[in-house]
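Chemist: I have a structure here, written as C-alpha cells, and I will follow up with some questions on it.
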C-alpha cells in the first residue's frame, strides 16, 4: 500500500473564487495569490492517485483564521472522507491562533477525522500565543489518540512564501511537554531529527514523532532519505507529497536515486503511515 500522508484539497467555492477569501486571511493570500498556485478538489486528487498508484491519501485543508472559513473547509474534508472511506483519511485544520481551535478540533475528531493538521502560522509576532494553544491541542489529540501534524521548516537558507518564523526549539519543547501525543512534523521537521544524534534526551523525546517528506525535492538533496533514516530510523519517515504542490512521482524518482532498499521504500511509502493511522497493511 502506498499512502500519501500530506495533501491539500479545497471546496468548489474556494477554488473558483479564491480572491473572496484573501480578506483578513494573510496566510492564504501569501500562498495562493497567484493563479499558478493550484487549488484542487477531492475528485482531482483521486484521479492523480489512480495515475500514480497511490492507494490512500491523508487530506486536509488550510489553517484559516476566520471561523466560517475553517468550518466550511473541514465540512468538505468530512464529506470527502465519508464519500471515499477506502481512499481518503482526513485531518481537521484551522489556525492555532483561533479562540475556537480546541472546539473545532473536538468537532472534527468526534465526527470521524483521525487527526489535526497541517497547523501553521505564516506571519511573525504571534508564535508565542500559537504555541500556548498548540499545547492544548496536543493534549486533546492525545486524549483522542489522534495525530497532530504541524508545519515546520528549516531555520536557515533561502526565504520563500510559507517559510514560517517559528524556531525548532519551540517545537521541541512542545513535543517534550506532550510525550503521549503522536506528532508528525511536515517538511522533514525543518531538520529537527538531526539532533537525535545527541547523546542525551533528544532521541527519547522524539519517540512519538514522525517526519514527512513534503516539498523535499525543493529543499533537500536525495541523500536526505538515507541520512534521516540512519539518524532517526526509517520507520519514522512518512511519504507526503504536499500535492498539488508536487506530484508523487517526483519523490519516487528521488527515492530511487538515493539507492534505498526495497523493504525501506515500502516502509516510507506506506507501511509507516498505515501503522500510524492504525490501518491494515
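Where a number appears in this text, it was derived from the coordinates with a stated rule and is not lab data. Note that the structure is predicted; figures quoted are calculated from it, not measured. When we count neighbours, we look across all protein chains shown, and the Cβ atoms used for this are built from the backbone with ideal geometry, even at glycine.
Chemist: Mind ordering 79-86, 174-181 by average Cβ neighbours within 10 Å, highest first?
Modeler: In decreasing order of mean packing, 79-86, 174-181 become 174-181, 79-86.
Chemist: Per residue, how much space in cubic angstrom lies within the convex hull of the C-alpha atoms of region 1-155?
Modeler: Spread over its residues, the Cα hull of region 1-155 gives 125 Å³ apiece.
Chemist: Could you work out how far apart the two model spin labels at residue 250 and residue 204 are, taking each label as a point 7 Å from the Cα in the direction of the beta carbon, and quote it in nm?
Modeler: Computed distance between label sites residue 250 and residue 204 equals 4.0 nm.
Chemist: Beyond 18 Å, what share of the Cα-Cα pairs of region 133-281 is found? Please give it as a whole percent.
Modeler: For region 133-281, the fraction of Cα-Cα distances above 18 Å is 57 percent.
Chemist: Going by a ≥ b ≥ c, the root eigenvalues of the Cα gyration tensor, does region 62-140 fall in the rounded group (a/c under 1.5), the prolate group (a/b larger than b/c) or the oblate group?
Modeler: Prolate shape, in that a/c is at least 1.5 and a/b is the bigger ratio.
Chemist: Per-residue ellipticity at 222 nm for the chain, helices alone: DSSP H runs ≥ 4 residues times -39500 (n - 2.57), over residue total, nearest 500 deg cm²/dmol?
Modeler: Per the formula, -11500 deg cm²/dmol.
Chemist: How would you classify region 3-277 from its alpha-carbon gyration tensor, with a ≥ b ≥ c the square roots of the eigenvalues: rounded for a/c under 1.5, else prolate if a/b is greater than b/c, otherwise oblate?
Modeler: rounded
Chemist: Kindly give Rg over Rh for region 217-281, based on alpha-carbon atoms, with the Kirkwood expression for the hydrodynamic radius.
Modeler: 0.95
Chemist: Quick one: grab the alpha carbon gyration tensor of region 93-204, order the square roots of its eigenvalues as a ≥ b ≥ c, and give me rounded if a/c is under 1.5, else prolate or oblate depending on whether a/b is larger than b/c.
Modeler: Cα axes put region 93-204 in the oblate bin.
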